[in-house]
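Here is the structure we will look at.
The values are calculated or read from the model by the stated rules, or taken from the named source; none is laboratory data. Everything numeric here is computed off the predicted structure, so don't read it as measured data. Quick reminder, even Gly has a Cβ in these numbers, built from the backbone with ideal geometry, and neighbours come from all protein chains shown.
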Amino acid sequence: MATSATAIRWETKSVETCGGTIRFEQAGSGPSLLVLPRDNGHPPANDFLDGLTGNFTVSHAWLPGFHGGDPEAWEWLSSVRDLAIVMRRALGELGAAPTAVLGFGFGGWLAAEMLAMGHPQFSKVVLVNPMGIQPRNAYILDQFLIGTEAYARAGFASDEGFDSVYGAEPEFEQLEGWETDREMTSRLAWKPYMYDPSLAGLLAGVPTPALIVRGDSDNVVPAECPELYRTALPNARLEVVAGGHAVDLEQPEKLGTLIKQFLLP
């Protein structure tokens, strides 16, 4: 994963909940912001995250069961809703309330499940290229039909963008991490693939202000998915930016500015 060129110091904070340990990387000052990554997105420092720390106290999660998230301790998780319940409790233990939440791809789905539970701690929510709602006229890219590196590459609008973050030949540790992510994803979201049939209906009564962001070159999540979120949430708006599924790594300044404008008073 790309590292930041700045000197932001990230510190690890761990909380115990549901019989396991969940780690968060924390930095910055200001209002609390919970960040939930993609299914193959890990939370080391990068320019986008560093850019948020000047305005927010950022808590970026190592998702339970995924790479860096103690996979063996969370083998009992069987759905994204299970994961949402765990993360909801972990957030309470972290003491980061009230908080805004920012979710990317799979993390956007996870944030939406937490939101659908009537999460009182969420002040605002930003969902970037979110999975979780079934597209009607297309399909979310099936990562189990391709290799893990190919799936990660599909998250970028160009190979050059991928290479600038992971290198032309990703390191073994990164490849191994992606395999762990794939295993956990299959446990949580294999069938139905990457969506919850009831989620759109559950979101209909959620008044939390929401910003939905779509990358105009997203090859993983169809363009209609963010639009379906905008329709499902009664207090949401949709913005389109240049970039692919990993738009935070491709357009860190542009996306960061958009998020700050929405979240800050």
Any idea which residue in the stretch 50-70 is surrounded by the fewest Cβ atoms within 10 Å (Cβ to Cβ), counting only those that are more than 16 Å from the chain's Cα centre (by Cα) and not charged (D, E, K, R)?
-> Gly54
For residues that are surrounded by 21 or more Cβ atoms within 10 Å (Cβ to Cβ) and either in contact with a Ser or Thr (Cβ under 9 Å, 6 or more places away or on another chain) or assigned to a strand (DSSP E or B) (or both), tally how many sit in the stretch 29-45.
-> 8
Matching entry among Leu188, Leu255, Leu202, Leu175 (being among the aliphatic types (A, V, I, L, M) and free of Cβ contacts under 8 Å to residues at least 40 places away in the same chain) = Leu175
Which listed residue is in contact with a helix residue (DSSP H, G or I) (Cβ under 6 Å, 6 or more places away or on another chain) and modelled with pLDDT of 95 or more, from Leu33, Leu77 | Leu77
Which condition does Val220 not pass, out of (1) buried (at least 19 other Cβ atoms within 10 Å of the Cβ); (2) over 15 Å from the mean Cα position of the chain (by Cα), if it passes all the others?
-> (2)
Of all residues in the stretch 186-215, how many are in contact with a Phe, Trp or Tyr (Cβ under 7 Å, 6 or more places away or on another chain) and either loosely packed, with under 11 Cβ neighbours inside 10 Å or over 19 Å from Ile259 (Cα atoms) (or both)?
-> 1
From the options Ala84, Ala90, Ala97, Ala73, residue that is assigned to a helix (DSSP H, G or I), of a type in the set (Gly, Ala, Ser), in contact (Cβ under 8 Å) with a residue 24 or more places away in the chain and surrounded by fewer than 20 Cβ atoms within 10 Å (Cβ to Cβ) | Ala73
Residue by residue through the stretch 148-163, note down the ones that are free of Cβ contacts under 8 Å to residues at least 24 places away in the same chain and closer than 12 Å to Leu175 by Cβ.
-> Ala150
Can you name the condition, by its number, that Pro265 falls short on among (1) in contact with a Ser or Thr (Cβ under 9 Å, 6 or more places away or on another chain); (2) at pLDDT below 95?
-> (1)
Considering every residue within the stretch 243-263, establish whether at least one is surrounded by fewer than 16 Cβ atoms within 10 Å (Cβ to Cβ) and not in a helix (DSSP H, G or I).
-> no
